[in-house]
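This structure is in structure tokens; I'll ask about it shortly.
The values are calculated or read from the model by the stated rules, or taken from the named source; none is laboratory data. Note that the structure is predicted; figures quoted are calculated from it, not measured. Positions of Cβ are backbone-derived with ideal geometry, glycine not excepted, and every protein chain shown enters the neighbour counts. These accessible areas exclude ligands, DNA and RNA; they are computed on the full protein's heavy atoms, side chains included. Shrake-Rupley method; radii C 1.70, N 1.55, O 1.52, S 1.80 Å.
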Amino acid sequence: MFKFELYKKAKDSKARLGKIITDHGEIETPIFMPVGTRATVKTMASEELKKIGAQIILSNTYHLFLRPGSEIIKKAGGLHKFMHWDKPILTDSGGFQVFSLSDNRKITEEGVEFRSHIDGSKKFLSPEVSIEMQNILGSDIIMSFDECAPYPASYDYVEKSMQRTLRWAKRGKDFHKNSDHQALFGIIQGGMYKDLRKISAKEMVDMDFPGYSVGGLSVGEPKEIMNEILDYTTDFMPENKPRYLMGVGSPDYLFEAVERGIDMADCVLPTRIARNGSVITHRGKLVIRNAKYKEDFSPLDQECDCYVCRNYTRAYIRHLFNVDEILGPRLATIHNLYFLLNMMENIRESIRGDYFLEYKNDFYKKYGYN
Ligand SMILES: C=CCOC(=O)Nc1nc2cc3[nH]c(NC)nc3cc2c(=O)[nH]1
Ligand SMILES: [Zn+2]
């Protein structure tokens, strides 16, 4: 099943409190979703993800389509069993990955021909192939096959791309049979052009998807433009369905998205920067390899109660990175994920108690945002 319950709308912004109910459990929103590109949130076992409070994780259809391939996932009984994760999973359509990972691709009305970035072999993705693969993965939320227009892009290019993405969405919806167990989201495109965003949103809403994403953002555009387009677009999205913004994951971008009515977000950032020693704390980001932490026996973040901050010191974690010990990236990943998941819990509390904007401003001041 798939249901979204809207609990509360903030008084001071478009922030809202909700709950998504799926076959594999419930998700309190607003939510941050850790990314597990190749059926693993890098360095994390699924039990550890549960312990730090992850309610839902992402995985990428494009990558799993190439390796291990749909046959093996099918034999494993689907992605939940394959990776031993029994909570909700969201998979992408493969669109964004094809456009960002493989070169010499050819986009036609039918779909996208491309060469695998692994072995250069010819591959083809289309709305139907993408839905079929996501059906095999068995994820609880699946995405329409779309084109994320590059930034910058001409009005004409974005208009044609957005119209094709609408036709692709319709084909995917008609092809998808398992909608009681796998909710197919529509993806609103339209680049940085408000009139195209309005058309895309209205046409997508007319197709009556159970949830919607705002695509084509966080692609290098200035933050102000992203916020303006996002604020404009969410006004055309139904209140009673989840709203998902892809590719957003630093504290400020998450606050700004929630403030503009977003319920779900994902990003590789917190786990990617953790692996090279960048740690998110309440006082800003710190680079743990820095020599100044050599004899600093305090926790990564004084105000964090995660497993790492309760048991390990900056000096020790700096040492691990300094000698390239694999425990270093693991501890930094646990902390960064916990930090964002816990921040989202605090955001939900602040909406519940009608002090979201105060919480945001306090957080920004301490973090050192302008
Ligand atoms: C993974 C989620 C499911 O999304 C899709 O199946 N398609 C899709 N993914 C995106 C991912 C993005 N990441 C960023 N910045 C890091 N911008 C993004 C934009 C899109 C987009 O327009 N479409
Ligand atoms: Zn911590």
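Is it true that some residue in the range 322-337 is within 15 Å of ligand 2 (Cβ to nearest atom) and touching a Cys at 6+ places or on another chain (Cβ under 8 Å)?
The answer is yes, given that some residue of the range 322-337 is within 15 Å of ligand 2 (Cβ to nearest atom) and touching a Cys at 6+ places or on another chain (Cβ under 8 Å).
Is it the case that Pro299 is modelled with pLDDT of 95 or more and closer than 18 Å to Tyr253 by Cβ?
No.
Still on this structure, please answer the following. In the range 327-370, which residues are within 21 Å of Gly53 (Cβ to Cβ) and among the small types (Gly, Ala, Ser)?
If the condition is that a residue be within 21 Å of Gly53 (Cβ to Cβ) and among the small types (Gly, Ala, Ser), then Ala332, Ser350, Gly353 are the ones that fit.
Mind checking which residues of the range 283-310 are near ligand 2 (Cβ under 10 Å from one of its atoms) and surrounded by fewer than 17 Cβ atoms within 10 Å (Cβ to Cβ)?
Gln302, Glu303, Asp305, Tyr307, Arg310 - these are the residues of the range 283-310 that are near ligand 2 (Cβ under 10 Å from one of its atoms) and surrounded by fewer than 17 Cβ atoms within 10 Å (Cβ to Cβ).
What number goes with the only condition from (1) within 16 Å of ligand 1 (Cβ to nearest atom); (2) of a type in the set (Lys, Arg); (3) within 18 Å of Leu340 (Cβ to Cβ) that Arg283 does not pass?
That leaves (1) as the condition not met.
Can I ask one more? Return yes or no: is Gly186 crowded, with 17+ Cβ neighbours inside 10 Å and assigned to a strand (DSSP E or B)?
Judged against the criteria, Gly186 is a match.
Quick check: anything in the range 144-151 free of Cβ contacts under 8 Å to residues at least 40 places away in the same chain and either more than 16 Å from ligand 2 (Cβ to nearest atom) or not in a helix (DSSP H, G or I) (or both)?
The answer is no; no qualifying residue exists.
What number goes with the only condition from (1) open to solvent by 50 Å² or more (accessible area, probe 1.4 Å); (2) over 24 Å from Phe2 (Cβ atoms); (3) outside any loop (DSSP other than H, G, I, E, B) that Lys173 does not pass?
(2)
Can I ask one more? Please work out which one of (1) surrounded by fewer than 19 Cβ atoms within 10 Å (Cβ to Cβ); (2) within 26 Å of Gln55 (Cα to Cα) is the condition Ile280 fails and give its number.
Ile280 satisfies every listed condition except (1).
Taking helices (runs of 4 or more DSSP H) that fall entirely within the range 1-109, which contain at least 1 residues that are away from ligand 1 (no atom under 16 Å from the Cβ) and open to solvent by 50 Å² or more (accessible area, probe 1.4 Å)?
Helices (runs of 4 or more DSSP H) meeting the threshold: 46-51, 70-76, 79-82.
Which condition breaks for Pro30 when tested against (1) closer than 30 Å to Gly120 by Cα; (2) out of contact with any Phe, Trp or Tyr (no Cβ under 8 Å at 6 or more places or on another chain)?
(1)
OK, next. Which residues, taken from the range 312-347, are in a loop (DSSP other than H, G, I, E, B) and of a type in the set (Ser, Thr, Tyr)?
Selection gives Tyr312, Thr313.
Report yes if some residue within the range 307-326 is among the hydroxyl-bearing types (Ser, Thr, Tyr), modelled with pLDDT of 95 or more and within 21 Å of Lys50 (Cβ to Cβ); otherwise report no.
Yes, because at least one residue in the range 307-326 is among the hydroxyl-bearing types (Ser, Thr, Tyr), modelled with pLDDT of 95 or more and within 21 Å of Lys50 (Cβ to Cβ).
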